[in-house]
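The numbers here are math on the coordinates, done by the rules we state, and not lab data. Everything numeric here is computed off the predicted structure, so don't read it as measured data. So basically every Cβ, Gly included, is an ideal-geometry build from the backbone, and we count neighbours across all protein chains shown.
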Amino acid sequence: MQQEDGAAACDLLSDDVQEQLTESGDSCETAVMEAGLPDTGRVVEVKVYGTAAQVRYDDDVVFLGEFPDGWKVTAAGCSPKADAPYDCQVQGG
């Protein structure tokens, strides 16, 4: 079941995020399960800016981008930083 969860999670990630996760040589499915992303909790707020979006949860902030095949996660496990907009555990590019 855990491998299926990893595969489902990878389907939601942009190509850049998948590439970043697999730089260590692990499969995307393994890397996403080992990334230690927080349990998001409930959705608190969604903001859409054209082809980009921010979803704030109780315990996480996730960024999305709109691609030809739909909305994909471009960064996850994000928290605000005083000297930068957000520090994210996984992100593309």
Quick test for you: out of Asp5, Asp16, Asp26, pick the one residue that is over 15 Å from Phe63 (Cα atoms), surrounded by 13 or more Cβ atoms within 10 Å (Cβ to Cβ) and of a type outside the set (Ser, Thr, Tyr). Asp26
Conditions first: (1) exposed (fewer than 12 other Cβ atoms within 10 Å of the Cβ); (2) in contact with a strand residue (DSSP E or B) (Cβ under 8 Å, 6 or more places away or on another chain); (3) in contact (Cβ under 8 Å) with a residue 12 or more places away in the chain. Thr40 passes all but one, so which condition is the exception? (1)
What do you reckon, is Val32 under 13 Å from the mean Cα position of the chain (by Cα) and of a type in the set (A, V, I, L, M)? yes
Of the residues in segment 50-93, those that are crowded, with 19+ Cβ neighbours inside 10 Å, part of a loop (DSSP other than H, G, I, E, B) and either in contact with a Cys (Cβ under 6 Å, 6 or more places away or on another chain) or free of Cβ contacts under 8 Å to residues at least 40 places away in the same chain (or both) come to Asp60
Of (1) closer than 16 Å to Ala8 by Cβ; (2) among the hydroxyl-bearing types (Ser, Thr, Tyr); (3) in contact with a Ser or Thr (Cβ under 9 Å, 6 or more places away or on another chain), Ser27 satisfies all except one. Which? (3)
Right, Val17: closer than 18 Å to Ser79 by Cβ and in contact (Cβ under 8 Å) with a residue 40 or more places away in the chain or not? yes
